[in-house]
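The values are calculated or read from the model by the stated rules, or taken from the named source; none is laboratory data. The structure displayed is predicted, hence computed values, not measured ones. Every residue, glycine among them, receives a Cβ derived from its backbone with ideal geometry; neighbour counts consider all protein chains shown. To get the accessible areas, we keep the full protein, side chains included, count just its heavy atoms, and leave off ligands, DNA and RNA. Shrake-Rupley method; radii C 1.70, N 1.55, O 1.52, S 1.80 Å.
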Amino acid sequence: MLDDLDAVLEEEQQATEGEPQHRNRKAGRAGRSTIAFFLSLVLLGLLAGGGWFAYSKVKGIFVADDYSGPGGAEAIVEVKSGQSAADIGTTLYDQKVVASVDAFVDAAKDNTRSKNIQAGWYKLKVGMKAADAVALLLDPNARWVTKVTLPEGLSYQQTFEKLSEVTKIPVADFEKAAKDPVGLGVDPSWFTRSDGKKADRTDIEGFLYPATYELSPKADATGVLKAIIANFNAEMNQLEFVSTVQKTRGGVSPYQALIVASIAQAEALKDEDMPKVSRVVYNRAYGDFACHCLGLDSTVNYWLRITGKGTKASEHLTNAELHNPKNPYNTHDKPGLPPGPIGNPGKAALKGAMSPTNNFPYYFFISIDTKGTMAYGKTGADHDKNRLLACQNGIPLC
């Protein structure tokens with residue numbers, strides 16, 4: 001075979017001897033074109049044979065990997081405050097919710113509402129299409145939260161019971177965590193008084209701001225209380241409570257004003273009466289009142305509640321209970337404000353305490369009907385008349 005091939009090549013060489021040189025160049029070009037055409041056919045053949053493989057490789061370069069299905073097993077995912085789309089996508093990818101971070105980022109860019117994704121816990125699924133994951137993160141029903149509403153005026157004990165009922169965290173856990181309010185976020189400067197009385201730095205009463213909270217389902221008692229106190233701090237900043245009290249209340253500390261707010265919350269049913277009741281409390285504690293005693297049943301009842309004895313209507317409180325010398329919240333005999341707040345006041349009560357009614361020279365108040373209408377008196381005689389009116393309107397005082 002090799003001899004035959006040599007013979008053919010020799011004949012071709014003899015045939016071309018003596019021909020013009022330009023013919024040789026033309027023949028060379030034609031040969032090379034034939035080879036190129038042949039190689040092109042081979043390449044096309046290879047592409048045809050491995051076309052899908054090539055497409056998949058190219059697709060992986062230019063298109064982010066994404067799942068096609070709705071997903072399967074449940075995945076609990078936390079979106080944290082301030083996270084970018086890439087941050088969220090990384091979390092979802094790590095938990096196998098989406099096939100790639102890029103797919104989630106692209107889907108977020110395509111959804112104009114994606115900037116509205118809120119921090120919190122969400123129930124998603126493993127193996128979701130990225131666009132579906134974005135849509136679910138925008139669905140309020142997908143958020144996994146523990147929602148609890150704390151009404152105005154609850155004591156810390158009542159607050160813990162409410163929190164425990166909803167979160168299933170034992171009350172004892174809240175009591176233990178509450179022993180260090182400063183560690184939970186209460187600024188130490190709050191525990192300052194200007195009336196010679198010492199504030200209890202372990203007393204969390206007054207700082208558990210009443211509101212509706214969406215709590216992390218995985219938070220413990222400490223985490224829950226930190227969230228509530230963080231809200232308290234935010235509300236105080238918004239109200240400018242501390243600075244206003246320091247500028248306008250004549251030396252009364254913010255903590256004392258917080259105590260007054262808690263009393264107004266316990267005594268007044270209507271928001272319009274909060275600043276008036278606050279003014280009466282200030283007048284009695286720091287004005288020209290005989291013994292500077294507040295003379296309030298609400299403070300006595302607070303002591304009964306936190307010591308496990310249970311509260312009573314005013315007409316059922318005994319003289320021994322009203323004038324118990326061992327009760328630090330006995331405001332019938334002990335002058336000035338009680339040791340601390342007697343509950344957790346809301347916004348209206350706080351506003352009333354920081355900005356009480358001006359030119360209101362009254363020392364007595366009383367609810368005179370079942371609707372919570374209040375009457376005010378300057379003297380004991382005025383108060384007796386208002387008490388009689390309350391009795392006539394069905395208030396059980398007489």
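Quick notes on this one:
- Some residue of region 375-392 being surrounded by fewer than 20 Cβ atoms within 10 Å (Cβ to Cβ) and in contact (Cβ under 8 Å) with a residue 60 or more places away in the chain: no
- Just one of the numbered conditions (1) part of a loop (DSSP other than H, G, I, E, B); (2) crowded, with 20+ Cβ neighbours inside 10 Å; (3) not small (Gly, Ala, Ser) is not true of Val224: (1).
- Options Leu124, Leu154, Leu92, Leu136; residue that is under 30 Å from Trp303 (Cβ atoms) and among the aliphatic types (A, V, I, L, M): Leu154
- Checked against (1) touching a Ser or Thr at 6+ places or on another chain (Cβ under 9 Å); (2) open to solvent by less than 20 Å² (accessible area, probe 1.4 Å); (3) part of a helix (DSSP H, G or I), Glu205 meets all criteria but (3).
- None of Pro345, Pro335 is closer than 27 Å to Leu208 by Cα and touching a Cys at 6+ places or on another chain (Cβ under 9 Å) except Pro335.
- Flag if Gly250 is part of a helix (DSSP H, G or I), more than 18 Å from Ala348 (Cβ to Cβ) and free of Cβ contacts under 8 Å to residues at least 40 places away in the same chain: no
- Residues satisfying the stated conditions in region 308-364, i.e. at pLDDT 95 or above, assigned to a helix (DSSP H, G or I) and either charged (D, E, K, R) or under 20 Å from Ala261 (Cβ atoms) (or both): Glu321, Lys347, Ala348, Ala349, Leu350, Lys351, Gly352, Ala353, Met354
- Boolean, Phe174 is in contact (Cβ under 8 Å) with a residue 40 or more places away in the chain, in a helix (DSSP H, G or I) and either in contact with a helix residue (DSSP H, G or I) (Cβ under 9 Å, 6 or more places away or on another chain) or over 19 Å from Lys347 (Cα atoms) (or both): yes
- Hits in region 262-307 (condition: farther than 13 Å from Ile342 by Cα, in a helix (DSSP H, G or I) and touching a Ser or Thr at 6+ places or on another chain (Cβ under 7 Å)): Pro275, Lys276, Arg279
- Extreme residue, surrounded by the most Cβ atoms within 10 Å (Cβ to Cβ), among residues of region 317-339 that are in contact with a Pro (Cβ under 9 Å, 6 or more places away or on another chain) and not charged (D, E, K, R): Thr331
- Set Val242, Val182: member being crowded, with 18+ Cβ neighbours inside 10 Å, part of a helix (DSSP H, G or I) and either of a type in the set (Val, Ile, Thr) or modelled with pLDDT of 95 or more (or both): Val242
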